[in-house]
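Trainee: The structure is given below, and queries will be raised subsequently.
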Amino acid sequence: MPLAIVVADDVDEIRQLVGHWLAEIGHTVTYASTGRELIQQVRDHPIDLVITDLVMPGVDGLDAILAINRIRPSTRILAISGGGRNMPADAGLRLAKGVGADGVLPKPFVRKQLLAAVERVLGA
């Protein structure tokens, strides 16, 4: 069954690649380049799954996760991160789990890893 998925990342190439992989298997994918855009999409539309980077300008992924859990608690969340200047990926992903992400995936990843993480999150 096709899902409504939002892919949020400030790097266009990552958004497009992840979206392509998900669309290939039949899902409907929309995109956000900031946490603020992501939150607005979740407010405006029923979304089954959010895949969000943690390090984005303005509203970061952690704040977006907190907001999404308040707005639509049934939306599943997969946090992705390669880390940033101030936080290594593993620490950020632990925080993401702590604030309500259903699953985490460190960058870089390949298609098989992403699809397996999506299955785990949806089965959780």
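The values are calculated or read from the model by the stated rules, or taken from the named source; none is laboratory data. Predicted model only: the values in this text are computed from it and were never measured. Don't worry about glycine lacking a Cβ; one is built from the backbone with ideal geometry, like all the others, and counts go over all protein chains shown. For the accessible areas, the whole protein counts, side chains as well, though only heavy atoms, and no ligand, DNA or RNA atoms are used. Shrake-Rupley method; radii C 1.70, N 1.55, O 1.52, S 1.80 Å.
Trainee: Here are Gly92, Gly84: which of them is closer than 16 Å to Ala8 by Cβ, outside any helix (DSSP H, G or I) and among the small types (Gly, Ala, Ser)?
Mentor: Numbers: Gly92 fails: outside any helix (DSSP H, G or I).
Selected residue: Gly84, the only one of Gly92, Gly84 that is closer than 16 Å to Ala8 by Cβ, outside any helix (DSSP H, G or I) and among the small types (Gly, Ala, Ser).
Trainee: Quick one: how many residues across the range 1-34 are outside any loop (DSSP other than H, G, I, E, B) and either at pLDDT below 95 or of a type in the set (S, T, N, Q) (or both)?
Mentor: First, pick out the residues of the range 1-34 that are outside any loop (DSSP other than H, G, I, E, B): 4-8, 12-24, 28-32.
So of that shortlist, the ones also either at pLDDT below 95 or of a type in the set (S, T, N, Q) (or both) come out as 16, 28, 30.
Within the range 1-34, residues that are outside any loop (DSSP other than H, G, I, E, B) and either at pLDDT below 95 or of a type in the set (S, T, N, Q) (or both) number 3.
Trainee: Listed residues Val11, Val29, Val59, Val6; which is buried (at least 22 other Cβ atoms within 10 Å of the Cβ) and of a type outside the set (S, T, N, Q)? Break it down into steps so the answer makes sense when it comes.
Mentor: On the way: Val11 fails: buried (at least 22 other Cβ atoms within 10 Å of the Cβ); Val29 fails: buried (at least 22 other Cβ atoms within 10 Å of the Cβ); Val59 fails: buried (at least 22 other Cβ atoms within 10 Å of the Cβ).
Of Val11, Val29, Val59, Val6, the one residue that is buried (at least 22 other Cβ atoms within 10 Å of the Cβ) and of a type outside the set (S, T, N, Q) is Val6.
Trainee: If you check Ala4, Ala67, Ala79, which single one turns out to be out of contact with any strand residue (DSSP E or B) (no Cβ under 7 Å at 6 or more places or on another chain), on the phi < 0 side of the Ramachandran plot and among the small types (Gly, Ala, Ser)? Reasoning before the result, please.
Mentor: Details: Ala4 fails: out of contact with any strand residue (DSSP E or B) (no Cβ under 7 Å at 6 or more places or on another chain); Ala79 fails: out of contact with any strand residue (DSSP E or B) (no Cβ under 7 Å at 6 or more places or on another chain).
Testing whether each residue is out of contact with any strand residue (DSSP E or B) (no Cβ under 7 Å at 6 or more places or on another chain), on the phi < 0 side of the Ramachandran plot and among the small types (Gly, Ala, Ser) leaves just Ala67.
Trainee: With in contact (Cβ under 8 Å) with a residue 24 or more places away in the chain, touching a His at 6+ places or on another chain (Cβ under 7 Å) and closer than 20 Å to Asp102 by Cα as the only criterion, which of Leu62, Leu3, Leu38, Leu66 stands out? Spell out how you get there, then give the answer.
Mentor: Working: Leu62 fails: touching a His at 6+ places or on another chain (Cβ under 7 Å); Leu38 fails: touching a His at 6+ places or on another chain (Cβ under 7 Å); Leu66 fails: touching a His at 6+ places or on another chain (Cβ under 7 Å).
Matching residue, one of Leu62, Leu3, Leu38, Leu66: Leu3.
Trainee: Filter the range 98-117 for residues that are closer than 11 Å to Ile80 by Cα and part of a helix (DSSP H, G or I) and give the result. Outline the logic, then answer.
Mentor: Kept after step one, since they are closer than 11 Å to Ile80 by Cα, are these residues of the range 98-117: 101, 103-109, 114, 117.
Correct list: Leu114, Ala117.
Trainee: Among the residues of the range 68-77, which ones are open to solvent by 50 Å² or more (accessible area, probe 1.4 Å) and either touching a Pro at 6+ places or on another chain (Cβ under 8 Å) or assigned to a loop (DSSP other than H, G, I, E, B) (or both)?
Mentor: From the range 68-77, those open to solvent by 50 Å² or more (accessible area, probe 1.4 Å) are 70-74, 76; that's our starting set.
Residues satisfying the conditions are Arg72, Pro73, Ser74.
Trainee: State yes or no: is Ile80 touching a helix residue (DSSP H, G or I) at 6+ places or on another chain (Cβ under 7 Å), at pLDDT 95 or above and surrounded by 15 or more Cβ atoms within 10 Å (Cβ to Cβ)?
Mentor: On the way: touching a helix residue (DSSP H, G or I) at 6+ places or on another chain (Cβ under 7 Å): no; at pLDDT 95 or above: yes; surrounded by 15 or more Cβ atoms within 10 Å (Cβ to Cβ): yes.
So Ile80 does not fit the description; no.
Trainee: Could you count how many residues in the range 83-113 are at positive phi and either at pLDDT 90 or above or surrounded by fewer than 16 Cβ atoms within 10 Å (Cβ to Cβ) (or both)?
Mentor: The initial filter retains those residues of the range 83-113 that are at positive phi, namely 83, 100.
Now drop any that are not either at pLDDT 90 or above or surrounded by fewer than 16 Cβ atoms within 10 Å (Cβ to Cβ) (or both), which leaves 100.
Matching residues across the range 83-113 total 1.
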